Amino acid sequence: SSGINAEYGQRRTRFTQKLMPVSHTCYASVEDITKTARSMLAETFHNSTPKTFSIVYKARNNNTLSREEVIKSVATVATDDDKWKESVKVHLDNPEWAVVVNVCQSIAFLGLLRDFNLLAKYNIDNLTAEWKVPEKEEKEGDGLAKEEEDVVKEGDEGVKMSGEEMGAVENDKDSKEVKDEQVTETVKSGRDKSDATTEKLIDGQQTTSSSDSLATES
């Protein structure tokens, strides 16, 4: 199926749990199911080629159909009223073909599935439960791991080679810190000069005020 790697049995779908192919649909009545089954099985079953089959029936939200009646009618169609009973045999454990009849409310879904039991009834979880990484993929995985390890080693060597430049980086850092300190001192010195100039201006204003007072008194 499309959800399984046919070569290794590897899961290739994330959410799908089970596949149930449908080739024919009809109204959920014994008469319509019998007619539809005849159309579906004629080409494969009505010949002298030996084959085995089973009938899988399941109904949901439907209590009008009789399980036994549906199975009996489909089995009669499979052997074409015993015309091909010598070549078409019932095998419940491991049939070559499974005639699947799924009924949901008033609709019947029919399908003719090969190796249904052998393929875990098309249940992807069961088909891939014991899947292991093939030796070929393991070797390829080891090669990838080795390549990653080589890349890491090359990276380590690159770090060692650039170690000689670490001193220059540290010197640049120290120079930057020294420059920052010099700028800070320059700014601080400028602030001190500004404060001194402001004090001189204030003293000059006070002296001028005193002179004006003396002139007024005179």
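If I compute solvent accessible area with a 1.4 Å probe over the protein chains, what percent of it on the range 48-126 is carbon and sulfur? Accessible surface attributable to carbon and sulfur in the range 48-126 totals 49 percent.
Filter Lys35/Lys83; Lys18/Lys51; Lys51/Lys121; Lys35/Lys72 down to the pairs with a C-alpha to C-alpha distance above 20 Å, please. Write out the running numbers ahead of the final one.
On the way: Lys35/Lys83 17 Å; Lys18/Lys51 25 Å; Lys51/Lys121 18 Å; Lys35/Lys72 13 Å.
Too far apart for the 20 Å limit: Lys18/Lys51.
Rolling a 1.4 Å probe over the protein heavy atoms leaves Phe109 with an accessible area of roughly 70 Å². Listed values for the range 31-45 are Karplus-derived 3J(HN,Hα) couplings in whole Hz (6.51 cos²θ - 1.76 cosθ + 1.60, θ = phi - 60°), namely 5, 5, 5, 5, 5, 5, 4, 4, 5, 6, 9, 4, 5, 8, 9, and x replaces Gly and Pro.
Once you reduce the range 54-96 and the range 99-119 to the center of their Cα atoms, the two points are 11 Å from each other.
In the context of the full protein assembly, Thr25 retains an accessible surface of approximately 90 Å², using a probe radius of 1.4 Å and ignoring ligands and nucleic acids. Our coupling estimate for the range 61-66, obtained by passing each phi through the Karplus curve with A = 6.51, B = -1.76, C = 1.60 and θ = phi - 60°, is 6, 8, 10, 9, 8, 9 Hz, Gly and Pro reported as x.
Ligands, DNA and RNA are left out, and with a 1.4 angstrom probe the accessible area of the range 40-109 is 57 Å² per residue. Rolling a 1.4 Å probe over the protein heavy atoms leaves Lys89 with an accessible area of roughly 90 Å².
What shape does the range 1-109 have by the C-alpha gyration tensor, where a ≥ b ≥ c are the square roots of the eigenvalues, rounded means a/c under 1.5, and otherwise prolate means a/b greater than b/c and oblate the rest? Because a/c hits 1.5 or more and a/b fails to exceed b/c, the range 1-109 counts as oblate.
For His91, His46, the ranking by accessible surface with the largest value first comes to His91, His46, using a 1.4 Å probe.
The values are calculated or read from the model by the stated rules, or taken from the named source; none is laboratory data. Please read all numbers here as calculations on a predicted model, not as lab measurements. Only protein heavy atoms, including side chains, enter the accessible area calculation; ligands, DNA and RNA are left aside. Shrake-Rupley method; radii C 1.70, N 1.55, O 1.52, S 1.80 Å.
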